[in-house]
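Any read-out appearing in this document is the output of simple, stated calculations on the displayed coordinates, not a laboratory observation. Quick caveat: nothing in here was measured; it's all calculated off a predicted structure. Here Cβ is always computed from backbone atoms with ideal geometry, including for glycine, and neighbour counts include all displayed protein chains.
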Amino acid sequence: MHSSDPGGALWIPRPFPGHCRSGLMMTNLARNLARIALVGAGGSHPATLAAVEGALARVSPETPVTVVDMSLFDRRGVARYEGFKSEVLRLRPADFGLREIFRTAGPNLIISGGARRFEQMIDAFGKLLEEQSVGAMLICHSRGFPEQAMIAAASRAGLKVAQIDEGPFSMPVRPATAPEFSNRKQKLVFGGLRRLGLVPRRDLIGGKVDRFFITSPGRGRVALERGLDPAKLAVVPCPRFDALAALREKWRDRVRASETKRVLFLHQPFRADRKLDRAEADRAELLLMHGLSELAQKRPIRLGIRMHPRSDEAERARVADRFSPLADVLALSDGTSLTDDLISADGFVGFYSSALLEAAVCGAPVAAVRLKAESFAQHDEAIKAANLSELGLAVFEEAPALAAFLDDKLGSGEMAPPTALIEEQIGDVRLHGSDEVARQLMALLQGR
């Protein structure tokens, strides 16, 4: 039984608060072996850790593994830690003294004791790692306060700590001179709360991390430019792109008997999340809708819209209304895996999501709508959107040009993935590329 659903978790007595267990009880022999902890939260983390778990089973089947699910600390999305063969610990904020008034950990930490509570979390996480006989830890994210506490706990215990990036557009290392908070409002609010002892300081330059796994050569160079110690850097294949290697072959071999082409819009919730000015989001969606309407006049198409997992019913209704002029050929994707959606589509449109890049790797036509940099609430997000052209993707500012591009490419054969895209963001894509991460984790474990 796995603990991805709190209602279905296997609860057993525990010597300290903070977790539930899933899976079979381990043997005494396994407990005496130093184990590797794979720690993640939401987003792409479950897929990344599942790939690493599989690689560890191939590279060192005798090494015990524990998966730590921290997704409940940030309730903006849903994470499914299903299908793991190792024990899964699903951590609950309340067991570590955190109130759960807000959807994210930062505000909840502030109202739960601030810096003092943070230290108590470090102590509790340290006990968890000791009880599990952990010798090395891989974590997927470090900016959240719970993740910071977990890294600090491992570091204080003398464990080896590795962090892996989250794939395209991610960078776990910040320059030492970069401000901790990204806008003036955050600086004022959190600066004042820190002076009151309610916001602990975060290590955003990786001082407590022994090895950074960066999954593309381009981002590896950026990490070094930001001051990362070269001895800490390892450029490796992205573990979850083991599946992309297989997907690429499936997409190329898919059945294409129909003259009607399916175009998939990969929705992003930046309007609902207020990451992008709503007027700019409306403009971009309208441009996309008009471009697809023109395409529908040129050739028969079906439009699929893959809603982002964080989308609520109100956002779904808003998007359906936005694209209502295409209602006759429109279908929202419900409950379909991303892999199935990608295989079933002939072309892809959107703004700047990682899934767009993955579609381009498969050789599919990809068209993006340009977003104005000044309309973003966060500078990092603006850079992601602005970089698409440099990566070799087609980015459009006018509906007719977008329609003409898709009409041409949908009638052509497979496209070659842009070289810059592979070098800068995607990295090496191959079956069992995750084995390289497993081998390096084992080297860390054995060298502690």
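Quick notes
- Cα centroid separation, region 41-114 to region 400-425: 36 Å.
- Along its first, second and third principal axes, ordered by size, region 49-105 spans 42, 21, 14 Å in Cα coordinates.
- Cα-based helix-to-principal-axis angle, 399-410 vs the chain, degrees rounded to 10: 80 degrees
- Extent along the principal axes, Cα only, for region 247-426: 43, 40, 32 Å, with the longest axis given first.
- 3J(HN,Hα) from dihedral phi, region 272-289, Karplus parametrisation 6.51/-1.76/1.60, rounded to Hz, x for glycine, proline: 5, 7, 6, 6, 10, 3, 5, 5, 5, 4, 5, 4, 5, 5, 5, 4, 5, 4
- Taking trypsin sites (Lys or Arg not before Pro) across region 347-407, the ones in a DSSP loop with at most 16 further Cβ atoms lying within 10 angstrom of their Cβ are Lys372.
- Pairwise centroid distance, computed over Cα atoms, of region 208-228 with region 309-344, Å: 36 Å
- Annotation: amide H-H contacts under 5 Å for Thr66 (H modelled 1.01 Å from N, sequence separation of 5 or more, or interchain): Ile36, Ala37, Leu38.
- In order along region 371-378, phi translates into HN-Hα couplings of 10, 6, 4, 6, 8, 8, 6, 10 Hz, rounded to whole numbers, per the Karplus curve 6.51 cos²θ - 1.76 cosθ + 1.60 with θ = phi - 60° and x for Gly and Pro.
- Dipole magnitude of the chain, debye to nearest 20 (Cβ charges: Lys/Arg +1, Asp/Glu -1, about Cα centre): 1320 debye
- The dipole here belongs to region 100-249: it is taken about the Cα centre, uses +1 on the Cβ of Lys and Arg and -1 on the Cβ of Asp and Glu, and is about 680 debye.
- Gain on full stretching of the segment that runs from Phe181 to Arg58 - 0.36 nm per residue minus C-alpha separation: 40.2 nm
- Based on DSSP H segments of at least four residues, each scored -39500 (n - 2.57), the chain has a per-residue ellipticity at 222 nm of -11500 deg cm²/dmol.
- In a DSSP loop and with at most 11 other Cβ atoms within 10 Å, the GluC sites (Glu not before Pro) in region 249-282 are Glu259.
- Average Cα contact separation per residue, region 247-426, under 8 Å, 6 or more apart, as relative contact order %: 29 percent
- Convex hull (Cα only) mean projected area of region 159-291, reported in nm² to one decimal: 13.1 nm²
- Overall Cα dimensions of region 362-448, principal axis frame, Å, largest first: 59, 38, 14
- Highest-fluctuation residue, Ala41, Ala281, Ala79 considered, GNM on the chain with Cα pairs under 10 Å: Ala281
- The relative contact order of the chain, computed from alpha carbon pairs under 8 Å that lie at least 6 residues apart in sequence, is 17 percent.
- Convex hull of alpha carbon positions in the chain: directionally averaged projected area 21.2 nm².
- With the charge dipole of the chain set up from +1 on Lys and Arg Cβ and -1 on Asp and Glu Cβ about the Cα centre, the Cα lying farthest toward the positive end among the listed residues Pro237, Ile422, Leu159 is that of Leu159.
- Our summary gives region 27-178 a relative contact order of 24 percent, counting only alpha carbon pairs under 8 angstrom and 6 or more residues apart.
- Cα centre as origin, Lys/Arg/Asp/Glu Cβ charges: region 247-426 dipole, Debye: 320 debye
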